[in-house]
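Take a look at the structure below.
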């Protein structure tokens, strides 16, 4: 059960109601602070719609963060969103294999993005070797965007956990398909 109330559009001032155009529990909790919700949304919107980073790689990185954090909410939501952006069920299984320290056979760039995500999540930075490998495939703009994705979603899972945001019933089936360890 969430530690703060989930608000609905009717609970908000008229000028803040657009913050719940996607009324998922995370947004319904964040609108307790409309300013924070608005700025959170700006970064999330850039990541999803403004960045030139390959959306499949973006979603693999987000899934990696959710898996490492054991965040039911993030994991379930981004299984669905990832599929919308080209992540296959085999990609999800391969990401788990990579997390377990085994080579999944994913393309080299995919494996490097997942390794960078694990390093930044667990060690707070991407190692020199991993960064050098990413530089072979990505421009500085894409490197900044990938780093932003990883950092932002590490912040998201910490918000989800600290506020104890509940997984909506419509996303629960994804946890049955791909249970977290």
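Residues in region 56-72: is at least one crowded, with 20+ Cβ neighbours inside 10 Å, in the same structural domain as residue 93 (by TED's automatic domain parsing) and part of a loop (DSSP other than H, G, I, E, B)? Scanning region 56-72, I find at least one residue that is crowded, with 20+ Cβ neighbours inside 10 Å, in the same structural domain as residue 93 (by TED's automatic domain parsing) and part of a loop (DSSP other than H, G, I, E, B), so the answer is yes. Beta carbons closer than 7 Å, at least 6 apart along the sequence or on distinct chains, pair a first residue in region 79-94 that is in the same structural domain as residue 66 (by TED's automatic domain parsing) and touching a residue at least 12 places away in the same chain (Cβ under 8 Å) with a second that is part of a loop (DSSP other than H, G, I, E, B) and surrounded by 15 or more Cβ atoms within 10 Å (Cβ to Cβ) for 79/178; 92/178; 94/104; 94/106. Residue count for region 161-181 under the criterion of being surrounded by 10 or more Cβ atoms within 10 Å (Cβ to Cβ) and modelled with pLDDT under 95: the result is 0. What residue, among those in region 31-55 that are in contact (Cβ under 8 Å) with a residue 40 or more places away in the chain and touching a helix residue (DSSP H, G or I) at 6+ places or on another chain (Cβ under 6 Å), is surrounded by the most Cβ atoms within 10 Å (Cβ to Cβ)? Only one residue fits best here, namely 53. For region 33-47, state whether one or more residues are modelled with pLDDT of 95 or more, outside any helix (DSSP H, G or I) and closer than 30 Å to residue 13 by Cα. Yes, some residue in region 33-47 is modelled with pLDDT of 95 or more, outside any helix (DSSP H, G or I) and closer than 30 Å to residue 13 by Cα. Output yes when any residue across region 105-119 is surrounded by fewer than 20 Cβ atoms within 10 Å (Cβ to Cβ) and at pLDDT below 95, and no when none is. Looking for residues that are surrounded by fewer than 20 Cβ atoms within 10 Å (Cβ to Cβ) and at pLDDT below 95, one finds at least one in region 105-119, hence yes. Within region 149-167, does at least one residue satisfy the condition of being more than 21 Å from residue 44 (Cα to Cα) and within 15 Å of the chain's Cα centre (by Cα)? Checked against the condition, which is being more than 21 Å from residue 44 (Cα to Cα) and within 15 Å of the chain's Cα centre (by Cα), region 149-167 yields no hits at all.
The criterion of being outside the structural domain of residue 25 (by TED's automatic domain parsing) and more than 18 Å from residue 73 (Cβ to Cβ) does not hold for residue 121. If you go through region 132-151 and keep only what is surrounded by 17 or more Cβ atoms within 10 Å (Cβ to Cβ) and over 16 Å from residue 95 (Cα atoms), you end up with 133, 134, 138, 142, 143, 145, 146, 147, 149.
The values are calculated or read from the model by the stated rules, or taken from the named source; none is laboratory data. If you're wondering where the values come from, they're calculated on a predicted model, not measured in any experiment. All Cβ positions, glycine included, derive from the backbone under ideal geometry; neighbour counts span all protein chains shown.
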